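Rule-based calculations on the coordinates, nothing more; no lab input. Remember, it's a predicted structure, so these values are computed and weren't measured experimentally. All Cβ positions, glycine included, derive from the backbone under ideal geometry; neighbour counts span all protein chains shown.
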Amino acid sequence: MEEVDRILIHSLRPAGTAVPPEVQSVRDLTPELVVEASVRCLRAVNPTLGAPLSPLLPPGISARFRLASDLAAACQELGFGGDVGYQTFLYSSEHDTRRLLLFLVEKLPRDESESGAEPPGKSGALLRAIGTRIREQLGVPWVPPLCRTPLLQRLQVSGAPPPEYVGRKRLRARLRALEPLRQACPPRPPGPPLDPAWLQEAFGAGGGRGALPKGSRFTHTQHLTHEQVRGWTWGAGGGGFGDTGARQASEEAALEQALAQLDAAIESCRGEMRDAQLSLTQVEAEVQQGRLALGGREDALRLKHQAIELLPDAQSNMAKLQLVVEASGRRIVSLAGQWERHRGPLLTQYRHLRALRDSAQLESSRRLSELRVLHERSRSAAAEAQRKEELYKTLVAELEALPRDVSRAIYTQRILEIVGNIRKQKEEISKILVDTRALQKEINSLVGKLERTFSVTDELLFKDAKRDEVVRKAYKYLAALHENCAQLIRTIEDTGTIQREIRDLEEQIEAETSSKPPASLERILSDCRALREENAALAARPRR
Amino acid sequence: MAEPEPQLLLAVGLIEKDTNGDALWVWCYPSVTAELRSLLLRKCCLTDENKLLHTFVFGQYKRSWFYITTVEVQDSPALKKVTHFSIVLMAKDFNPEKYAAFTRILCRIYLKHGSPVKMMESYIAVLTKGICQSEENGSFLSKDFDARKAYLAGSIKDIVSQFGMETVILYTALMLKKRIVVYHPRIEAIQEFTRTLPALVWHRQDWSILHSYVHLNEEEVEALKACTGYIAGFTDSEVNSRPDLYDVYVNLADSEITVSPLVKEAMTMGKLHKEIGQLIVQSAEDPEKSDSQVIKEISLKTKEILATLASLTEASDGNEKPTLNSEALKQKRFPPATENFLFHLAAAEQMLKI
């Protein structure tokens with residue numbers, strides 16, 4: 001049992017109950033601790049239920065009762081099936097307290113970091129690191145920058161830039177703004193620091209032109225060209241205006257004439273050009289034709305030359321030629337046949353080899369794709385291995401980060417031992433059950449046997465009973481015997497039942513004795529006395 | 001024909017597509033240059049990715065014509081590893097019907113025997129005697145296929161019914177030896193259309209301007225550019241963005257004719273053109289008239305124009321060819337568009353004085 005208690009108390013601590021280290025079992029828990037533990041668990045399980053309850057037991061007795069009954073009601077609302085009331089908290093028995101606390105601890109929400117729902121790996125570790133960092137910073141109150149200790153300065157980095165940087169920046173901006181103003185202003189006469197007249201002049205310089213002088217390159221060029229044009233016109237116009245009209249007219253006429261002449265020349269040139277172009281194409285075509293005709297004619301000439309050579313003996317030559325033609329035709333066909341004997345097998349061989357190569361290529365490409373698949377698989381396996389390695393590393397890190405004092409393995413081992421014991425007990429129980437069942441069976445069969453024996457005997461005796469007096473007596477005795485035996489069996493059974501009841505009662509008594517009735521009785525009595533005193537005091541108050 | 005038929009056949013080749021999916025140039029007689037081989041592999045539909053089968057295509061490259069017939073092989077015992085094959089004929093003349101018939105015969109022979117030797121016999125027979133026996137029935141006689149027939153094989157009426165009055169643009173472009181590019185995604189449509197176009201200038205009887213199947217390949221484009229005036233067919237719509245290749249662009253699929261801005265001036269249309277256009281349309285729409293009659297009528301009109309032009313020429317200093325007297329042309333006071341057309345026509349007909 002103490003193992004269970006130790007686990008229970010260990011799990012109460014994270015819920016916020018400061019259980020002193022000397023407390024090792026539920027028996028050692030004071031009512032204050034029980035109340036605090038229950039309230040804190042309630043708050044963790046269901047904040048709306050637990051919030052109105054105070055974890056500290058108030059000094060006033062009636063207040064204590066109220067708190068205890070509220071707590072009991074809250075527990076019942078949470079679904080606690082057992083018997084619970086104010087006495088569970090104030091006059092706790094070890095058994096009830098353990099049941100209640102076990103119930104509450106089971107209801108406790110699982111801590112995130114223990115649940116394993118969180119994804120392991122790098123991102124998980126990072127998130128956790130961020131979380132701890134934020135929690136750490138939230139825990140520290142904000143302190144003005146000047147009052148920070150070095151650690152705090154590191155923690156609370158201010159967003160504001162350093163003051164010297166701000167100063168530099170401001171100075172630069174001011175200079176930049178001042179520069180155009182200074183250029184626009186007339187130089188300030190030495191004298192009193194601000195002469196109103198000078199000021200007006202200074203502002204007028206900017207305002208008069210509407211803006212500060214800022215000419216684009218375009219306006220500049222425009223300006224220049226304007227001036228040039230003006231100069232040129234003046235220069236031209238400088239010749240005098242006297243007899244210009246007549247001269248202009250004649251000049252114009254002459255120019256127009258020249259223009260017309262030039263136009264005509266251009267037109268004729270164009271015509272000539274076109275003609276030349278056409279001539280060129282014609283000549284090109286002619287040349288091409290000529291060249292072709294030449295080729296044809298050369299062939300014809302050669303043919304005719306040969307024909308003339310053969311002409312003197314035309315008849316015989318014709319016959320000869322015919323023969324030659326036929327013979328060469330035959331020869332060519334036979335040559336083709338010979339060639340075919342070489343060509344055919346070679347072509348077949350080529351096709352065969354080509355097919356082989358194709359199939360080899362197909363095979364190799366299949367192999368290649370297979371290889372690629374394998375490669376891919378190996379790569380993915382490597383990645384998987386790496387991932388697992390990382391997972392292993394993070395898990396190891398996590399394991400190292402876990403508090404050393406919780407020797408989980410020992411607990412697990414003990415739990416396993418307990419489970420083993422339970423299993424052993426269960427086995428024994430089942431063995432006993434089997435025995436009981438066998439016994440029951442035997443009893444049943446015996447009863448049946450008896451029943452049958454009796455009925456047979458009864459029948460036999462009954463037959464003879466009418467004739468024989470002795471037999472009649474025997475029959476009576478038999479009936480009596482049977483009845484008495486039945487009664488005896490019933491009595492034995494009743495005894496068994498009563499014995500069982502007695503055992504139950506004894507157990508109950510033992511339980512009651514174990515729950516320290518004399519101590520709680522004393523406490524109840526003292527509380528009762530205190531209550532009476534309080535009541536009396538309260539009753540006295542209005543009277544005063 | 002009084003003159004013996006000149007040797008027109010140049011070469012025969014064989015392209016096979018096998019079960020490996022390769023289109024291979026497997027056999028030829030006589031030798032064919034590597035440049036031409038790659039060109040013919042490009043032309044035969046076996047190297048195409050889209051796997052469309054064109055049974056017969058023809059075209060011209062550097063003044064020699066190629067004719068390709070492609071056959072699919074279906075459970076032939078002689079050709080086990082071959083799925084398709086193409087017979088390629090190179091010849092000097094334009095005659096699709098003749099060479100289609102001949103290549104078909106060669107195809108049947110090869111399909112049956114699976115050996116080029118039998119094909120070779122037929123080829124030599126046609127080369128030396130102009131005749132060969134077909135596998136099934138009858139025989140192929142080279143003389144049966146007249147060049148004139150080939151020139152008249154296309155239907156000019158179809159062209160006019162598709163383009164109407166705009167046919168006169170094609171007529172003008174052909175008369176002035178301009179460069180015409182025809183686009184259609186289907187090679188058969190291009191071939192049918194382009195082979196008919198030279199009939200509009202029947203007086204020249206020149207089918208060498210026809211390049212009915214050109215790829216936008218560097219060598220082919222260079223060879224095409226070396227010609228003065230041509231009709232080129234492309235299945236690649238990319239050709240639209242090559243204005244250096246055409247003066248007149250015909251989008252056959254959308255029935256659109258575009259005149260390049262560079263030749264707008266030379267191709268200015270006037271009253272004369274309207275006249276010709278009306279004549280063409282009227283003649284072609286007459287159901288009584290055959291295609292050859294329509295061509296004849298157009299040819300008559302052309303001759304009329306050429307006669308007008310001839311009247312303005314003079315035989316000059318010992319040159320056997322008469323040359324155009326541009327002064328006389330100007331004195332005639334034709335409308336400017338007509339004068340312009342006549343002048344350009346004179347250049348096309350090589351009648352300018354140089």
I need the Debye-formula profile for segment A:296-358: one equal scatterer per C-alpha, no solvent, reported as log10 I(q)/I(0) at q = 0.18, 0.19 1/Å, two decimals. -0.79, -0.83
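Return the percentage of antiparallel bridges among DSSP beta bridges fully within chain B, rounded to the nearest 5 %. The partial results should precede the final answer.
Working: 39 of 51 bridges.
Rounded to the nearest five, the antiparallel share is 75 percent.
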How far apart, in nm, are two points set 7 Å out from the Cα along the Cα-to-Cβ line at B:Ala189 and at B:Gln205? 3.3 nm
With x for Gly and Pro, the residue-by-residue ³J(HN,Hα) of segment A:439-455, computed from phi through the Karplus equation 6.51 cos²θ - 1.76 cosθ + 1.60 at θ = phi - 60° and given in whole Hz, is 4, 4, 4, 4, 4, 4, 5, 5, 4, x, 4, 4, 4, 5, 4, 4, 5
Principal axis lengths of segment B:6-98 from Cα atoms, whole Å, largest first? 39, 27, 27
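May I ask you to derive the FRET efficiency for A:Ile134 and A:Ala360 from their Cβ-Cβ distance with R0 = 45 Å, giving the value to the nearest 0.05? Before the final figure, lay out the partial values.
Numbers: r = 66 Å, r/R0 = 1.46.
Computed FRET efficiency for A:Ile134 and A:Ala360 comes out at 0.10.
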Taking the simple approach of a point 7 Å from Cα along Cα-to-Cβ for both B:Ser38 and A:Glu3, what is their distance in nm? 9.1 nm
What is the ratio of the Cα radius of gyration of the protein assembly as shown to 2.2 N^0.38 Å, with N the residue count, to two decimals? 2.13
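For B:Ser64, B:Ser86, what ranking results if the residue with the fewest other Cβ atoms within 10 Å of its Cβ goes first? Spell out each step's value before the answer.
Values: B:Ser64 13, B:Ser86 28.
The order, fewest Cβ neighbours first, is B:Ser64, B:Ser86.
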Determine the shape class of segment B:202-271: with a ≥ b ≥ c the square roots of the Cα gyration tensor eigenvalues, call it rounded for a/c under 1.5, and otherwise prolate if a/b is greater than b/c, oblate otherwise. oblate
In Å, what is the Rg of the alpha-carbon atoms in segment A:375-526, and how long is Dmax? 35.5, 109
Using θ = phi - 60° and the Karplus form 6.51 cos²θ - 1.76 cosθ + 1.60, what ³J(HN,Hα) does each residue of segment A:487-497 get, whole Hz, x for Gly and Pro? 4, 4, 4, 4, 4, 4, 4, 4, 4, x, 4
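Largest first and in whole Å, give the semi-axes of segment A:460-544's equivalent ellipsoid, each being the square root of 5 times a Cα gyration tensor eigenvalue.
Numbers: eigenvalues 1036, 53, 7 Å².
Value: 72, 16, 6 Å, ordered largest first.
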When the convex hull of the Cα atoms of chain B is projected onto a plane and the area is averaged over all directions, what value comes out in nm²? 20.6 nm²
Could you state the orientation-averaged shadow area of the convex hull built on the Cα atoms of segment A:422-498, in nm² to one decimal? 6.2 nm²
Taking Cα atoms only, helix B:116-129 is inclined relative to the longest principal axis of chain B by an angle, in degrees rounded to 10, of 40 degrees
Using only the alpha carbons of segment B:207-339, determine the length spanned along each of the three principal axes and report them from longest to shortest in whole angstroms. 46, 45, 27
Between segment A:248-300 and segment B:195-270, what's the alpha-carbon centroid distance in Å? 25 Å
How high is the FRET efficiency between B:Ile131 and B:Ala310 when r is their beta carbon distance and R₀ equals 45 Å, given to the nearest 0.05? 0.55
Taking the Cα atoms only, what angle lies between the long axis of helix B:96-113 and the longest principal axis of chain B, rounded to 10 degrees? 10 degrees
Measure nothing fancy, just the Cα-based angle from helix B:291-311's long axis to the longest principal axis of chain B, in degrees from 0 to 90, nearest 10. 40 degrees
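What is segment B:233-340's relative contact order, in percent, from Cα pairs under 8 angstrom and six or more apart in sequence?
On the way: 63 pairs, mean separation 21.1, N = 108.
Relative contact order, segment B:233-340: 20 percent.
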Would you mind estimating how fast segment A:28-76 diffuses translationally, via Stokes-Einstein at 20 °C and 1.002 mPa s with the Kirkwood radius over Cα pairs, in µm²/s? 200 µm²/s
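Could you tell me the calculated FRET efficiency between B:Ser241 and A:Ala293, based on Cβ-Cβ distance and R0 = 35 angstrom, to the nearest 0.05? Provide the component values of the computation, followed by the final result.
On the way: r = 36 Å, r/R0 = 1.04.
Once rounded, the FRET efficiency stands at 0.45.
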Under the Karplus curve 6.51 cos²θ - 1.76 cosθ + 1.60, θ = phi - 60°, whole-Hz ³J(HN,Hα) for segment A:6-20, x wherever Gly or Pro sits: 5, 4, 4, 5, 4, 7, 6, 4, x, 6, x, 8, 7, 7, x
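Ignore the peptide's own chain and count Cβ atoms of other chains within 10 Å of each Cβ in B:110-120; give me the average, rounded. If you can, show how the numbers build up before the last one.
Working: counts 0, 0, 0, 0, 1, 6, 6, 10, 4, 1, 9.
Whole-number average of other-chain Cβ neighbours for B:110-120 is 3.
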Rounded to the nearest Å, what's the spacing between the alpha carbon centres of segment B:125-172 and segment A:87-101? Just the number, please. 121 Å
